[in-house]
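Working notes for the structure below.
The values are calculated or read from the model by the stated rules, or taken from the named source; none is laboratory data. Everything numeric here is computed off the predicted structure, so don't read it as measured data. Here Cβ is always computed from backbone atoms with ideal geometry, including for glycine, and neighbour counts include all displayed protein chains. For the accessible areas, the whole protein counts, side chains as well, though only heavy atoms, and no ligand, DNA or RNA atoms are used. Shrake-Rupley method; radii C 1.70, N 1.55, O 1.52, S 1.80 Å.
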Amino acid sequence: MKLAFSTLGVPGLPLPDVLRLATAHGYHGVELRAHPEEPAHPGLGPAERADAAAEFKGSGVEILGLAGYARVAAPGDDEPVLAEIRSLLDLARDLGAPYIRVFPGGDLDVQTPEEADATAARRLGTAAEYANDLGVRILLETHDSHRTAADAMRVLGLVGHRQVGALWDVMHTWLGGEQPSETYAALSPHLGYVQVKDIASAEDTTPLPLGAGVLPLAECVEVLSRHGWDGWLCWEYEKRWYESAPELPGLLKAGHEHLNRLLNDSA
(Lines give C-alpha, C1' and ligand atoms only; values in the text may rest on other atoms or scores of the structure.)
Protein backbone atom coordinates (compact mmCIF):
# COMPACT_ATOMS: atom_id res chain seq x y z
CA MET A 1 0.00 0.00 0.00
CA LYS A 2 1.08 3.56 -0.67
CA LEU A 3 0.92 6.32 1.94
CA ALA A 4 -0.47 9.84 1.57
CA PHE A 5 -1.72 12.67 3.75
CA SER A 6 -4.50 15.20 3.29
CA THR A 7 -3.90 18.93 3.14
CA LEU A 8 -6.81 19.27 5.58
CA GLY A 9 -4.01 18.85 8.11
CA VAL A 10 -2.00 21.83 6.84
CA PRO A 11 -4.65 24.47 6.11
CA GLY A 12 -3.69 26.98 3.44
CA LEU A 13 -0.11 25.71 3.08
CA PRO A 14 1.37 26.56 -0.35
CA LEU A 15 1.83 23.58 -2.64
CA PRO A 16 5.67 23.76 -2.74
CA ASP A 17 5.69 23.47 1.06
CA VAL A 18 3.21 20.58 0.95
CA LEU A 19 5.47 18.78 -1.52
CA ARG A 20 8.54 19.38 0.64
CA LEU A 21 6.75 17.81 3.61
CA ALA A 22 5.69 14.79 1.56
CA THR A 23 9.16 14.11 0.17
CA ALA A 24 10.92 14.78 3.48
CA HIS A 25 8.78 12.23 5.31
CA GLY A 26 8.42 9.55 2.65
CA TYR A 27 4.79 10.03 1.61
CA HIS A 28 4.14 9.05 -2.00
CA GLY A 29 0.99 11.09 -2.41
CA VAL A 30 -1.18 13.95 -1.20
CA GLU A 31 -4.94 14.37 -1.07
CA LEU A 32 -5.70 18.00 -1.89
CA ARG A 33 -8.53 19.72 -0.08
CA ALA A 34 -10.34 21.45 -2.97
CA HIS A 35 -11.68 24.58 -1.29
CA PRO A 36 -11.27 28.33 -1.94
CA GLU A 37 -9.22 28.58 1.28
CA GLU A 38 -6.62 26.30 -0.29
CA PRO A 39 -4.08 26.64 -3.14
CA ALA A 40 -5.99 24.09 -5.26
CA HIS A 41 -9.66 24.74 -5.98
CA PRO A 42 -11.98 24.89 -9.00
CA GLY A 43 -11.54 28.66 -9.31
CA LEU A 44 -7.94 28.30 -10.55
CA GLY A 45 -7.22 29.50 -14.06
CA PRO A 46 -5.51 27.40 -16.76
CA ALA A 47 -1.99 28.70 -16.05
CA GLU A 48 -2.32 28.06 -12.31
CA ARG A 49 -3.56 24.55 -12.98
CA ALA A 50 -0.67 23.85 -15.32
CA ASP A 51 1.83 25.19 -12.78
CA ALA A 52 0.40 23.04 -10.00
CA ALA A 53 0.43 19.90 -12.16
CA ALA A 54 4.04 20.61 -13.13
CA GLU A 55 5.07 21.07 -9.49
CA PHE A 56 3.67 17.66 -8.58
CA LYS A 57 5.16 15.98 -11.63
CA GLY A 58 8.57 17.43 -10.87
CA SER A 59 8.45 16.34 -7.24
CA GLY A 60 7.54 12.72 -7.86
CA VAL A 61 4.64 13.06 -5.42
CA GLU A 62 1.25 11.98 -6.74
CA ILE A 63 -2.05 13.78 -6.28
CA LEU A 64 -4.14 11.02 -4.80
CA GLY A 65 -7.41 12.87 -5.16
CA LEU A 66 -9.33 16.09 -4.70
CA ALA A 67 -11.42 16.29 -1.54
CA GLY A 68 -14.46 18.26 -2.62
CA TYR A 69 -17.58 19.22 -0.72
CA ALA A 70 -20.43 18.42 -3.09
CA ARG A 71 -23.29 16.79 -1.15
CA VAL A 72 -24.93 14.37 -3.52
CA ALA A 73 -27.89 13.32 -1.36
CA ALA A 74 -28.80 16.84 -0.18
CA PRO A 75 -32.34 18.09 -0.77
CA GLY A 76 -32.86 20.62 -3.56
CA ASP A 77 -32.26 20.97 -7.28
CA ASP A 78 -29.82 18.66 -9.01
CA GLU A 79 -28.07 21.17 -11.24
CA PRO A 80 -26.07 23.14 -8.62
CA VAL A 81 -24.74 19.85 -7.23
CA LEU A 82 -23.93 18.51 -10.70
CA ALA A 83 -22.19 21.77 -11.61
CA GLU A 84 -20.05 21.51 -8.47
CA ILE A 85 -19.11 17.91 -9.31
CA ARG A 86 -18.27 18.81 -12.91
CA SER A 87 -16.00 21.64 -11.74
CA LEU A 88 -14.16 19.21 -9.46
CA LEU A 89 -13.84 16.67 -12.26
CA ASP A 90 -12.41 19.31 -14.60
CA LEU A 91 -9.85 20.33 -11.97
CA ALA A 92 -8.90 16.70 -11.34
CA ARG A 93 -8.32 16.14 -15.05
CA ASP A 94 -6.18 19.25 -15.30
CA LEU A 95 -4.08 18.37 -12.24
CA GLY A 96 -3.77 14.68 -13.07
CA ALA A 97 -5.75 13.41 -10.07
CA PRO A 98 -7.51 10.05 -10.50
CA TYR A 99 -10.28 10.69 -7.94
CA ILE A 100 -12.60 13.32 -6.52
CA ARG A 101 -14.30 12.94 -3.16
CA VAL A 102 -17.98 13.81 -2.61
CA PHE A 103 -20.06 13.66 0.56
CA PRO A 104 -23.51 12.10 0.93
CA GLY A 105 -24.95 15.10 2.80
CA GLY A 106 -28.51 13.83 3.10
CA ASP A 107 -30.88 15.57 5.49
CA LEU A 108 -32.93 12.88 7.14
CA ASP A 109 -35.06 15.49 8.91
CA VAL A 110 -36.71 16.30 5.58
CA GLN A 111 -35.93 13.17 3.51
CA THR A 112 -36.61 9.51 4.05
CA PRO A 113 -33.50 7.31 3.70
CA GLU A 114 -34.95 6.03 0.43
CA GLU A 115 -35.34 9.57 -0.92
CA ALA A 116 -31.77 10.45 0.08
CA ASP A 117 -30.46 7.28 -1.57
CA ALA A 118 -32.38 7.92 -4.78
CA THR A 119 -31.25 11.56 -4.96
CA ALA A 120 -27.60 10.61 -4.51
CA ALA A 121 -27.80 7.78 -7.02
CA ARG A 122 -29.50 9.95 -9.65
CA ARG A 123 -26.87 12.67 -9.40
CA LEU A 124 -23.94 10.26 -9.29
CA GLY A 125 -25.29 8.34 -12.25
CA THR A 126 -25.56 11.55 -14.28
CA ALA A 127 -22.10 12.76 -13.24
CA ALA A 128 -20.57 9.35 -13.97
CA GLU A 129 -20.86 9.84 -17.73
CA TYR A 130 -18.97 13.13 -17.54
CA ALA A 131 -16.38 11.54 -15.23
CA ASN A 132 -15.94 8.68 -17.68
CA ASP A 133 -15.13 11.10 -20.49
CA LEU A 134 -12.43 12.73 -18.34
CA GLY A 135 -10.96 9.51 -16.94
CA VAL A 136 -11.61 10.55 -13.33
CA ARG A 137 -13.47 8.51 -10.71
CA ILE A 138 -16.03 9.91 -8.23
CA LEU A 139 -15.75 8.48 -4.72
CA LEU A 140 -18.61 8.66 -2.23
CA GLU A 141 -17.14 8.98 1.26
CA THR A 142 -18.56 7.05 4.21
CA HIS A 143 -19.67 10.18 6.05
CA ASP A 144 -22.60 12.08 7.65
CA SER A 145 -25.96 10.64 6.48
CA HIS A 146 -24.29 7.54 4.99
CA ARG A 147 -21.46 6.85 7.41
CA THR A 148 -21.26 3.05 7.10
CA ALA A 149 -20.41 0.87 4.13
CA ALA A 150 -23.92 -0.57 4.31
CA ASP A 151 -25.31 2.96 3.92
CA ALA A 152 -22.98 3.81 1.04
CA MET A 153 -23.75 0.55 -0.74
CA ARG A 154 -27.45 1.37 -0.89
CA VAL A 155 -26.44 4.27 -3.14
CA LEU A 156 -23.64 2.58 -5.09
CA GLY A 157 -25.86 -0.40 -5.80
CA LEU A 158 -28.37 1.91 -7.45
CA VAL A 159 -25.69 3.72 -9.50
CA GLY A 160 -23.92 0.65 -10.88
CA HIS A 161 -21.26 2.60 -12.81
CA ARG A 162 -17.53 1.88 -12.72
CA GLN A 163 -16.67 5.59 -12.52
CA VAL A 164 -18.44 5.88 -9.15
CA GLY A 165 -16.85 4.19 -6.16
CA ALA A 166 -16.30 4.50 -2.43
CA LEU A 167 -13.89 6.24 -0.09
CA TRP A 168 -13.60 4.46 3.26
CA ASP A 169 -13.24 6.91 6.16
CA VAL A 170 -12.35 4.59 9.03
CA MET A 171 -13.66 6.95 11.72
CA HIS A 172 -17.17 7.15 10.35
CA THR A 173 -17.63 3.43 9.78
CA TRP A 174 -16.37 2.85 13.36
CA LEU A 175 -18.74 5.49 14.72
CA GLY A 176 -21.51 3.72 12.80
CA GLY A 177 -20.77 0.46 14.63
CA GLU A 178 -19.33 -1.41 11.64
CA GLN A 179 -16.40 -3.82 11.96
CA PRO A 180 -13.49 -3.37 9.51
CA SER A 181 -14.12 -6.80 8.02
CA GLU A 182 -17.76 -5.87 7.35
CA THR A 183 -16.79 -2.55 5.80
CA TYR A 184 -14.20 -4.08 3.51
CA ALA A 185 -16.51 -6.90 2.41
CA ALA A 186 -19.13 -4.37 1.35
CA LEU A 187 -16.88 -1.76 -0.24
CA SER A 188 -14.12 -3.87 -1.79
CA PRO A 189 -15.59 -4.01 -5.33
CA HIS A 190 -15.89 -0.21 -5.30
CA LEU A 191 -13.03 0.93 -3.07
CA GLY A 192 -10.94 3.85 -4.31
CA TYR A 193 -8.81 4.50 -1.23
CA VAL A 194 -8.90 4.57 2.57
CA GLN A 195 -8.71 7.57 4.92
CA VAL A 196 -7.04 6.75 8.24
CA LYS A 197 -6.98 8.92 11.36
CA ASP A 198 -7.19 8.60 15.15
CA ILE A 199 -9.38 10.09 17.89
CA ALA A 200 -9.76 9.78 21.66
CA SER A 201 -13.37 8.54 21.72
CA ALA A 202 -16.73 8.68 20.00
CA GLU A 203 -17.45 11.81 22.04
CA ASP A 204 -14.10 13.51 21.39
CA THR A 205 -13.09 13.43 17.73
CA THR A 206 -10.20 15.89 18.10
CA PRO A 207 -7.43 14.49 15.86
CA LEU A 208 -4.64 12.57 17.56
CA PRO A 209 -1.34 11.16 16.27
CA LEU A 210 -1.86 7.80 14.56
CA GLY A 211 -1.90 5.01 17.14
CA ALA A 212 -2.68 7.32 20.06
CA GLY A 213 -6.45 6.83 19.98
CA VAL A 214 -9.21 4.25 19.77
CA LEU A 215 -9.77 3.69 16.06
CA PRO A 216 -9.09 0.12 14.86
CA LEU A 217 -6.29 1.03 12.45
CA ALA A 218 -4.41 -2.24 12.93
CA GLU A 219 -7.57 -4.22 12.13
CA CYS A 220 -8.27 -2.11 9.05
CA VAL A 221 -4.76 -2.58 7.68
CA GLU A 222 -4.82 -6.29 8.51
CA VAL A 223 -8.11 -6.77 6.63
CA LEU A 224 -6.79 -4.87 3.62
CA SER A 225 -3.51 -6.82 3.63
CA ARG A 226 -5.21 -10.18 4.04
CA HIS A 227 -7.22 -9.53 0.89
CA GLY A 228 -4.22 -8.30 -1.08
CA TRP A 229 -5.52 -4.76 -1.44
CA ASP A 230 -2.68 -2.51 -2.65
CA GLY A 231 -4.24 0.95 -2.83
CA TRP A 232 -3.69 4.15 -0.85
CA LEU A 233 -3.85 4.83 2.87
CA CYS A 234 -4.36 8.57 3.33
CA TRP A 235 -3.95 10.22 6.73
CA GLU A 236 -6.74 12.76 7.11
CA TYR A 237 -5.71 14.86 10.11
CA GLU A 238 -8.55 17.32 10.69
CA LYS A 239 -6.46 20.29 11.80
CA ARG A 240 -8.68 22.74 9.88
CA TRP A 241 -11.60 21.97 12.19
CA TYR A 242 -9.59 21.70 15.42
CA GLU A 243 -7.26 24.68 15.66
CA SER A 244 -5.93 23.61 19.08
CA ALA A 245 -4.70 20.26 17.74
CA PRO A 246 -0.90 19.87 17.40
CA GLU A 247 0.56 20.92 14.06
CA LEU A 248 0.68 18.09 11.52
CA PRO A 249 4.22 18.65 10.13
CA GLY A 250 5.74 17.61 13.45
CA LEU A 251 3.68 14.39 13.43
CA LEU A 252 4.23 13.24 9.84
CA LYS A 253 7.42 11.24 10.45
CA ALA A 254 5.95 9.27 13.36
CA GLY A 255 2.70 8.77 11.44
CA HIS A 256 4.57 7.30 8.49
CA GLU A 257 6.50 5.00 10.81
CA HIS A 258 3.29 3.87 12.54
CA LEU A 259 1.59 3.00 9.27
CA ASN A 260 4.68 1.13 8.09
CA ARG A 261 4.68 -0.89 11.34
CA LEU A 262 1.05 -1.82 10.80
CA LEU A 263 1.80 -2.85 7.22
CA ASN A 264 4.80 -4.93 8.29
CA ASP A 265 2.87 -6.58 11.13
CA SER A 266 0.01 -7.48 8.80
CA ALA A 267 2.25 -8.87 6.08
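Numerical summary
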item	result
When the convex hull of its Cα atoms is projected in every direction, mean area for region 1-144 (nm²)	9.0 nm²
Fraction of accessible area attributable to carbon and sulfur, the chain (%, probe 1.4 Å)	51 percent
GNM flexibility winner over the chain from T112, T206, T173 (Cα, springs under 10 Å)	T112
Helix runs (DSSP H) in the chain reaching 27 Å along axis by Cα, Kyte-Doolittle at least 1.6	none
Pair-distance profile P(r), taking every C-alpha pair of region 36-94, with 10 angstrom steps and integer %	20, 48, 23, 8, 1
log₁₀ of I(q)/I(0) at q = 0.22, 0.29, 0.34 Å⁻¹ - region 88-129, Debye sum with one point per alpha carbon	-0.77, -0.99, -1.14
Volume per residue that the Cα convex hull of region 67-107 spans, once the total is divided by residue count, Å³	49 Å³
Estimated dipole of the chain in Debye, rounded to 20 [Cβ of Lys and Arg +1, of Asp and Glu -1, Cα centre]	760 debye
For the chain, with +1 on Lys and Arg beta carbons and -1 on Asp and Glu, the positive-most of P113, S225, W235 along the dipole	S225
Whole-number D in µm² s⁻¹ for region 127-168, Kirkwood Cα-pair radius fed into Stokes-Einstein, 10 °C, 1.306 mPa s	151 µm²/s
Alpha-carbon gyration tensor eigenvalues x 5, square-rooted, for the chain, Å	26, 24, 17
Charged-residue dipole, Cβ positions (Lys, Arg, Asp, Glu), region 70-128 about Cα centre, Debye nearest 20	320 debye
Placed amide H near A70: partners under 5 Å, 5+ positions off or other chain	F103
Max mean-square fluctuation residue, GNM over the chain, Cα-Cα springs under 10 Å, options L251, L95, L66	L251
Antiparallel bridge percentage (DSSP; both residues within the chain; nearest 5)	5 percent
Percent antiparallel among DSSP beta bridges (both partners in region 70-208, rounded to 5)	5 percent
Most mobile of P14, P180, P207 in a GNM of the chain (Cα contacts under 10 Å)	P14
Region 163-222, accessible area per residue, ligands and nucleic acids excluded (1.4 Å, Å²)	33 Å²
Rg in Å to one decimal, and Dmax rounded to a whole Å, for region 120-267 via C-alpha atoms	15.8, 43
Distant alpha-carbon pairs in region 1-77 (separation over 13 angstrom), percent	67 percent
